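Student: Pasting a structure here, questions to come.
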Amino acid sequence: MKKNVFDPLFQPFLIIILAVSGLLVASTSVLTPTGLYPDERAHFGYAYGIYQQKIDPFFDRTKIFTDGTEYNHLRHPPAYYFLAAGAMAILKLDKDLANSTLSSSKYHRQVTRTLIPPLRITSLALYLVHIFAVYYLLRYLVSASMLTRTTAIFVALLVLFIPSRTFIAGAVSNDALSITVWPLIALFGIKMLREPSIGSFLLLGSFAAIAALTKLTVAIVAIPIVGAVLAKLLIDAFFRWRAGTTIKSEISSQLRKIGSYEILCFLFFIFAIGSFSVYYGNMLIKYGSPSVSYTRIYDLGPGENKFHNTTPPSQAEIEKTSALDIAVRVVKGSWSSTTGIFGHYQIYYDGNTNRELLLVSAGILISVIPLLVFLFRDRGIAAREAILISSVMIFTMFLFYAIWSSWVYKGWISSGRIALQGRYSIGALEFGIVGLFVAWGGLATSANRTSRVLGTVGGVLLFLLLAPAFFKPLLYARMEENSYFEAKGPSLVESELKTRGYSRLDVTPLRPNWFKKLGFVEKSRRDFHTNYFRFGSDGVAEVSLPLGQPVELAIWARGDPALDRSYLRIGSETIEFEPNVTVKNLCIADPRPGTEVAAVPTDAPLLKKADSIYLLGIYGRAVESCP
């Protein structure tokens, strides 16, 4: 029996959460200046190239340049870019802007003032679809007694306010469509596992095809649930056959259920599967692969692919670095940008990565309890459904990280590049969250009183374990000694140093040419600072030291959150930093002009390519002598 989800408190509260999420995404989109979303101009250039080619399904990639006279993002499937190109046609954007001028001042002015901002409406429209999809997914799970109303609220809070998703959802980016698709795959996949129907089957297939046409990472999310649906259909068909049901009678039974809804679903299915077949068939014919590299698209010679021009690791480095080392780096690195980056200045809200992942791991481990209860205590139909759906969704998350880590490992061996962007995990992480709460929600809706109490307590505990990590940018008043923003606030740290006789020293970046000042926000006053440097392993700067007598330095910095120890070299001295903000002292007896400052690579070859030090400032004061 389905539960009435129109609870006088649940329904309005859920709608308020959804509305706040939509307003936050919309306001972020409106307030973010053009060019400050990651790769937004490249995404625009891809769509603009399709628009220039009259939205031709067989568009020529080699005629599209998305970054000046260079290429970028063209190996992505084109679903989002066709949507954006359609929006350009509706808006009647200028088609005469030649691709060769994409980096010119004319292009920059036009993009800034007239081209990109209107196209963000497309992404906001997609997010509106996302909101409705999450709403209907949660309503369905509550009505099916797989979530309580409380755990449904917990799920909404977690999946709708993941910081990096809230930020990127309003950008001109294919991530906007990825965010839209995952709850639709989850909704119709779960419906098919519980109560199969022609409409749900057609829509699941359609959205799985759209996922594959959006981004390969979100296509991974569809694989387990589609596989589980097909396996269940085959098993059910086998048992019906054993029970004497003929294929002819089964087909006749299903045909009698076809109405206008199923016909519309079928037309949408034909469009989605047709688009999928045309695109990937064309890729196979032209390039011999469904996922083509820039090298193949542009027929580049050795060393010409600008995305593969880093130095590959040596054989010794490969032998010292296992696939597991890469997987750990992927999880830690992607976690930081998934939950710790928000706002158009890419503000980094950092806690302790190891501790946060420990909390998440604890949440996953305790969710084994309801599955064991279902297996050994409650073996009814509802229990079987909860085990199946929860297991499939949690498995999706683990499968994604396994496949992604494998891709990164192969890419590191071939080019030395490591891709850790947290937005690659769109859909996979959300599937895991829903699966964990379904495990506890199914137990909390059990007929057994003890099971209900255990399920309710477990759901609350799971939320308390996950919430601090996911909400940190939205609740950045956390007063923790190991937070990126020290308990006293950065301005107070600087004031304290000045009262002790220190003055701020000038730090000038030397290389590489993109090494530059970034920004951070202090949590006490929300002031924006532009005096912090992010050192990669190849980042070098110089500090202007007062000459003529010994100088005592106060180095205000933070180590890489993915490492236990990071090292900064100033002149000939090396200082150790942990992954929390600290001020450390160093005395230099004989200051030299142009003293070099650089991050010291760690012994682990993989981590040499990590960002290792965040330098907030170097302060100095003259002293009589060094101890």
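Student: If you check every pair at least six apart or on different chains, which have Cβ atoms under 7 Å apart with a residue in the range 30-57 that is closer than 21 Å to S275 by Cα and in contact (Cβ under 8 Å) with a residue 60 or more places away in the chain first and a residue that is open to solvent by 10 Å² or more (accessible area, probe 1.4 Å) and assigned to a helix (DSSP H, G or I) second?
Tutor: Cβ pairs passing all conditions: P57/V278.
Student: Does R329 qualify as being surrounded by fewer than 20 Cβ atoms within 10 Å (Cβ to Cβ), in a helix (DSSP H, G or I), at pLDDT 70 or above and among the basic types (K, R)?
Tutor: Here the answer is no, as R329 does not meet what is asked.
Student: Among the candidates I223, I263, single out the residue that is among the β-branched types (V, I, T), touching a Ser or Thr at 6+ places or on another chain (Cβ under 9 Å) and in a helix (DSSP H, G or I).
Tutor: After applying the criteria, what remains is I223.
Student: Answer with yes or no whether L193 is assigned to a helix (DSSP H, G or I) and open to solvent by 10 Å² or more (accessible area, probe 1.4 Å).
Tutor: Taking the combined requirement at face value, the residue does not satisfy it.
Student: Restrict the check to the range 79-96 and report whether at least one residue is in contact with a Gly (Cβ under 6 Å, 6 or more places away or on another chain) and either open to solvent by 10 Å² or more (accessible area, probe 1.4 Å) or modelled with pLDDT of 80 or more (or both).
Tutor: So far as the range 79-96 goes, no, none of its residues is in contact with a Gly (Cβ under 6 Å, 6 or more places away or on another chain) and either open to solvent by 10 Å² or more (accessible area, probe 1.4 Å) or modelled with pLDDT of 80 or more (or both).
Student: Same structure again: Within the range 242-260, can you find the residues that are at pLDDT 75 or above and surrounded by 10 or more Cβ atoms within 10 Å (Cβ to Cβ)?
Tutor: Scanning the range 242-260 gives K257, I258, G259.
Student: Another question about this same structure. For the range 554-562, does any single residue satisfy the condition of being at pLDDT 85 or above, of a type outside the set (K, R) and either out of contact with any Lys or Arg (no Cβ under 7 Å at 6 or more places or on another chain) or assigned to a strand (DSSP E or B) (or both)?
Tutor: Within the range 554-562 (the criterion being at pLDDT 85 or above, of a type outside the set (K, R) and either out of contact with any Lys or Arg (no Cβ under 7 Å at 6 or more places or on another chain) or assigned to a strand (DSSP E or B) (or both)), the answer is yes, since at least one residue qualifies.
Student: Working only within the range 570-588, note down all residues that are open to solvent by 70 Å² or more (accessible area, probe 1.4 Å) and farther than 28 Å from V331 by Cβ.
Tutor: Matches in the range 570-588: S572, E573, T574, N585.
Student: In the range 196-242, which residues are small (G, A, S), over 19 Å from W407 (Cα atoms) and under 20 Å from the mean Cα position of the chain (by Cα)?
Tutor: A208
Student: Quick one: count up the residues across the range 532-553 that are open to solvent by 40 Å² or more (accessible area, probe 1.4 Å), modelled with pLDDT under 65 and not small (G, A, S).
Tutor: Residues meeting the conditions: 0.
The values are calculated or read from the model by the stated rules, or taken from the named source; none is laboratory data. Since this is a predicted model, take the numbers as computed values, not measurements. All Cβ positions, even for glycine, are placed from backbone atoms using ideal geometry, and neighbour counts span all protein chains on display. We work out accessible area using only protein heavy atoms, side chains counted, and drop any ligands, DNA or RNA first. Shrake-Rupley method; radii C 1.70, N 1.55, O 1.52, S 1.80 Å.
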